[in-house]
Amino acid sequence: MDITRLPTPLPPKLEQRLEPYTNYCSQRVPLIIDNGSTNLRWGFAGYESPFEGLNAVAKYKERRTNKPLLLFGEAIDVESGAKAQTRTPWEGDVLLNFDALENALDYAFVRLGIDTPTVDHPVLMTERLCSPLHSRALTSELMFEQYSVPSLAYCVDGIMSFYRHTEEISRPAVPRPDFTNDGLVISFNTASTSIIPILNGKGIMSNVKRIPWGASQSSDYLLKLIQLKYPNFPTRVTSSQSNWIFQNFCRFAVDYPSHMRTLKDPLKIRENTCTIQFPFSLPVVEEKTEEELARIAEKRREQGRKLQEMAAKTRMEKLIQKETDLQYLLNLRDGKGLDGKREWMNKLQTEGFDDDSGLDETIKRLESDLKKARKKEVEGDDIIVRQTVLCRALSSMADNQQEEPSFPLVDVPDVDLDEDGVKEKKKQRLMKAGFEARARARREKEREKVEKEKEEKKEEEEREIDLNGWAKRVRQEQEVLMNRIKDRARRKAALSDRKSAAAQARMKSIANLAADDRIPKKKRKGGGEDMFGADDADWAIYRKINTAAASSDEEEDLNQLQAVEQKLLMFDPTFTNQHTHAAIATQRSALMSAFRPLYEEGDIEGSTRIHLNTERWRVCEAWFSPGMAGIDSAGLGEVLQSVLARFTNDEKSKLAKCVYLAGAPSQLAGLTSRIYNTLRPILPPEMPINVSVARHTNTSLYAWHGMAAFSATEDFLKAGVSRAEYEEYGGERVKRWWGGNWNGSAIPS
């Protein structure tokens, strides 16, 4: 299994520049700022590569010196207290937080070494496609009023990345005076994806389309899928970790439905699974000597013995009490014919019964309870514990268990005994009741043994006559028991959902119990009494509302099911261990095991692993089917078809010859083939299609390099808005040029 470990976060590095600011100050070198919603890139046009940092700021007060600090980019992660105060200039795809933008630009200009009161450099700055006039106006106000720049030009990053791409292909010796290339730019941004057609070097902004799905939504979608797949993951998966997983492991499928069908095979899904190992720490196990371990084990055994003895003693006392109550009720019922009807009814009412049926029902319930209790007493190790308890009480008779012991003080009146005699009489009465209870348990056991032998003999005859019929009947019993256990488990699971019918019925029972009419305090003083609990059935309400405690019925069903399965395993050749309830309950399909492997309990390293398989393609498919991620929008394929439908075949041919993919997600595997397969049915079959991506290793810098190359041309001087034009027309207005936003509020150039 190929396992990839999460990279260890490194402390931020402060990049040093060798060129002093004096080399750029006197020449008024253009200042290039790529104001992305994720990263901010800035530098002079003469730089080989710009400064780059996370476009986020945080104001933080240092604890030691109590001085306010302004943290930018990765420096925020160094101070844990500053993370909660992080602010970004962007809200999705709209520039809104201009205080954060001002702080970020302050940091950028300081890093450039600008030490003058004003920024005396023409600025070329990116803005989002179809940027709101409000955002542009406040940005222009900040640049002109705060920094006093001489001129400001706005451009669209996708077009400038395409400009850089075509410049790489043609490789001109000097900057091109005119930009006349054709192409279709698909720009994958942080919070959106844009489609920009370019003809004769000019962006056709009237035909531009954008969908509200980008890299940040994909990363969040992947995080939700991981949380859904691993709801009890031991560590918290952060958004930065999910973004790293998205960039390194997600990919596009050429045909998503057919690819998902191939993953129905467990072997295929294992081949396409990527395992990410999250950090973990092994627990420190305290080593103990053999003497300490032996002493601890002996202590636990002694505690277990004491608990068993206490439980056995409690069960014996309850058993004796129930037998006494049963004998009393049987004597009461036997004396029915000796009294008249009125006297008999008075006796019943005195004992708390309304009629004969209530008495018979109580006797029947006591007999059933005694039968179960005696069965538990004579089975397993409980009888040994019980004998230990009774032998301690009957130490004088421990050596002569075959003879019936004598209890001479039981029939002696208390008035004829002294204080020690009364205590001894109580002790003998308890011992006599225990002896009689054991005798009855032995007789009951012998009777049950005889009945069991009869049933086994009858069942054996049935097997000899018709084995298939017997097996069918016993399997039906097994199925009934398993269904009963499943229903009970299903009810427990339903109780965890507060909106389920079972949970609502439980809450209703609790409400009825709380609202039950009780005897008021005044009536209690007058002789009234709250009779709740006088009947054992009253306590069943607590069994009904208690979801954690296991019921005796469940234990009895499991024991009965185990006995049935033992018979089937012994006599039915077609019944194997795979058909038992334990095997079926723990059975897991091979596909589910491949989709999410399970590790043994206690395997800390395995429990901190994430297995990605279908999620790798599902996240990227949301670009073409946003509805699967809950986004009400057309997919990339439908938008491409809508954009191309507005052009003639000749124009389509020009656009299809250079379909350029911009942005960091454009480097994901499979995207080029997917775009080609999407465009092929839309365009005529004889029309060639060329899909290309950035060739540079760091594709995120393509827009900045394109802007730097454009700033060296004469067109840059015409594209910028001067301070005088800003004061005359306002900050909303820009000049019309091939790389900027085309709108009706532009200044004619």
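Observations on the structure shown:
- Qualifying residue in segment 573-589 (condition: within 30 Å of residue 3 (Cα to Cα), among the β-branched types (Val, Ile, Thr) and either at pLDDT below 85 or open to solvent by less than 100 Å² (accessible area, probe 1.4 Å) (or both)): yes
- Filter result (outside any loop (DSSP other than H, G, I, E, B), of a type outside the set (Val, Ile, Thr) and touching a strand residue (DSSP E or B) at 6+ places or on another chain (Cβ under 7 Å)) within segment 124-135: 124, 125, 135
- Any hit, segment 275-294, residues being within 25 Å of residue 671 (Cα to Cα) and open to solvent by 90 Å² or more (accessible area, probe 1.4 Å): no
- Single residue of segment 725-736 satisfying the filter (assigned to a helix (DSSP H, G or I) and touching a strand residue (DSSP E or B) at 6+ places or on another chain (Cβ under 8 Å)) that is farthest from residue 123 (Cα to Cα): 729
- Hits in segment 285-320 - residues which are over 30 Å from residue 441 (Cα atoms) and part of a helix (DSSP H, G or I): 290, 291, 292, 293, 294, 295, 296, 297, 298, 299, 300
- Selection from segment 28-52 of residues that are among the charged types (D, E, K, R) and surrounded by fewer than 20 Cβ atoms within 10 Å (Cβ to Cβ): 28, 48, 52
- Scope segment 420-452; condition basic (Lys, Arg) and farther than 19 Å from residue 407 by Cβ; matching residues: 443, 445, 447, 449, 452
- Which numbered condition residue 22 fails, given (1) without any contact (Cβ under 8 Å) to a residue 60 or more places away in the chain; (2) within 30 Å of residue 606 (Cβ to Cβ): (2)
- If only residues of segment 412-434 that are open to solvent by 40 Å² or more (accessible area, probe 1.4 Å) and closer than 18 Å to residue 322 by Cβ are counted, the one that is nearest to the chain's Cα centre (by Cα) is 430.
- Residue check, residue 239 under 17 Å from residue 629 (Cβ atoms) and loosely packed, with under 13 Cβ neighbours inside 10 Å: yes
- Whether a residue is over 27 Å from residue 635 (Cβ atoms), small (Gly, Ala, Ser) and in contact (Cβ under 8 Å) with a residue 12 or more places away in the chain was assessed, and residue 148 passes this test.
- The set of residues from segment 145-164 being closer than 16 Å to residue 95 by Cβ and surrounded by fewer than 22 Cβ atoms within 10 Å (Cβ to Cβ) comprises just one member, 146.
- Qualifying residue in segment 6-13 (condition: under 30 Å from the mean Cα position of the chain (by Cα), under 30 Å from residue 269 (Cβ atoms) and in contact (Cβ under 8 Å) with a residue 40 or more places away in the chain): yes
- Residue match in segment 584-592 (condition: in contact (Cβ under 8 Å) with a residue 24 or more places away in the chain, closer than 20 Å to residue 236 by Cα and of a type outside the set (Asp, Glu)): no
- Check on residue 94, within 21 Å of residue 54 (Cα to Cα) and either among the β-branched types (Val, Ile, Thr) or open to solvent by less than 10 Å² (accessible area, probe 1.4 Å) (or both): yes
- Those residues of segment 453-468 which are open to solvent by 100 Å² or more (accessible area, probe 1.4 Å) and of a type in the set (A, V, I, L, M, F, W, C), in sequence order: 465
- Filtered residues of segment 321-367 (kept if open to solvent by less than 30 Å² (accessible area, probe 1.4 Å) and not in a helix (DSSP H, G or I)): 353
- Qualifying residue in segment 384-402 (condition: among the hydrophobic types (A, V, I, L, M, F, W, C), modelled with pLDDT of 75 or more and open to solvent by less than 40 Å² (accessible area, probe 1.4 Å)): no
- Pair list, Cβ under 7 Å, 6 or more apart: segment 296-315 residue within 20 Å of residue 430 (Cβ to Cβ), other residue of a type in the set (Phe, Trp, Tyr): none
- Residue ranges of strands (runs of 3 or more DSSP E) in segment 1-86 with at least 1 members more than 21 Å from residue 126 (Cβ to Cβ): 3-5, 57-61, 68-72
- Cβ pairs under 8 Å, 6+ apart, first in segment 443-467 and at positive phi, second open to solvent by 90 Å² or more (accessible area, probe 1.4 Å) and part of a helix (DSSP H, G or I): none
- Evaluation of residue 35 against (1) closer than 22 Å to residue 143 by Cα; (2) of a type in the set (S, T, N, Q); (3) free of Cβ contacts under 8 Å to residues at least 60 places away in the same chain (one fails), failing number: (3)
- Taking segment 60-107 as the range and being touching a residue at least 40 places away in the same chain (Cβ under 8 Å), among the hydrophobic types (A, V, I, L, M, F, W, C) and more than 26 Å from residue 138 (Cα to Cα) as the test, the residues that pass are 75, 78.
- Test for residue 88: is it more than 25 Å from residue 713 (Cα to Cα) and open to solvent by 60 Å² or more (accessible area, probe 1.4 Å): no
- Note on segment 155-196: residues that are under 18 Å from residue 714 (Cβ atoms) and modelled with pLDDT of 95 or more total 0.
- Failed criterion for residue 118 (all others in (1) touching a Phe, Trp or Tyr at 6+ places or on another chain (Cβ under 7 Å); (2) part of a loop (DSSP other than H, G, I, E, B); (3) modelled with pLDDT under 90; (4) not aromatic (Phe, Trp, Tyr) hold): (3)
The values are calculated or read from the model by the stated rules, or taken from the named source; none is laboratory data. Treat the numbers as computed from the prediction; the structure is a model and nothing was measured. We place every Cβ from the backbone using ideal geometry, glycine too, and count neighbours over all the protein chains shown. Side chains are part of the model used for accessible areas, which takes the heavy atoms of the whole protein and leaves out ligands, DNA and RNA. Shrake-Rupley method; radii C 1.70, N 1.55, O 1.52, S 1.80 Å.
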